[in-house]
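The values are calculated or read from the model by the stated rules, or taken from the named source; none is laboratory data. Quick caveat: nothing in here was measured; it's all calculated off a predicted structure. Positions of Cβ are backbone-derived with ideal geometry, glycine not excepted, and every protein chain shown enters the neighbour counts. Note: areas computed on protein heavy atoms with side chains; ligands, DNA, RNA excluded. Shrake-Rupley method; radii C 1.70, N 1.55, O 1.52, S 1.80 Å.
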Amino acid sequence: MKDRNHQLGLLVHVLTVFMLLLKGADKLSQQHVLSGGFFVGLGLLIIILLILEKVYHWSHRSVKIACFLIESAALAGMAIVFYQEEKQYLPYVFGLSATVYLIIALVSIFRKGESTQH
């Protein structure tokens, strides 16, 4: 069961990275280097963290928390960009997602009984 939860968590991170890379590439194609570079950079940072967790056997809990915090900031940025693009519902969806990711990270930080070792 724990392995299945780990795989589902990995899927969530990969899907978030996919969205970040798509929006970043879109912004870069529109000559918006700052926001495009921000999204692509955060997406690549999450990929690097996930790879380094496996290579160097870093604590899954620490990497999970770091990924959720990075993704929370990235999704909040995407909500702002969608608001500026005058999308109707997407800013609310991504703002809510950013809030949920932040809550998950904070609960993971303050949860008792979860091992910090791999």
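Can you tell me the length gained on complete extension of the stretch Leu34 to Ile51, counting 0.36 nm per residue apart and subtracting the Cα distance?
Stretched fully, the Leu34-Ile51 segment lengthens by 3.6 nm.
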With angles folded into 0 to 90 degrees, how steeply does helix 33-56 sit against the dominant principal axis of the chain? Use alpha carbons for both and round to 10. 20 degrees
For Kirkwood radius over Cα pairs in Å, pick the label among (i) 14.9; (ii) 23.2; (iii) 16.6 that corresponds to the value derived from the coordinates. (i)
With the dipole of the stretch 47-118 defined by +1 on each Lys or Arg Cβ and -1 on each Asp or Glu Cβ, the option from Leu102, Pro91, Ile65 whose Cα lies farthest towards the positive pole is Ile65
Among Val93, Val40, Val14, which one shows the biggest mean-square fluctuation in a GNM of the chain, springs joining Cα atoms closer than 10 Å? Val93
Relative contact order for the stretch 1-99: what percent, with Cα pairs under 8 Å and sequence separation of 6 or more? 19 percent
With every protein chain in place, the accessible area of Leu102 for a 1.4 Å probe, in Å² rounded to the nearest 10, comes to 70 Å²
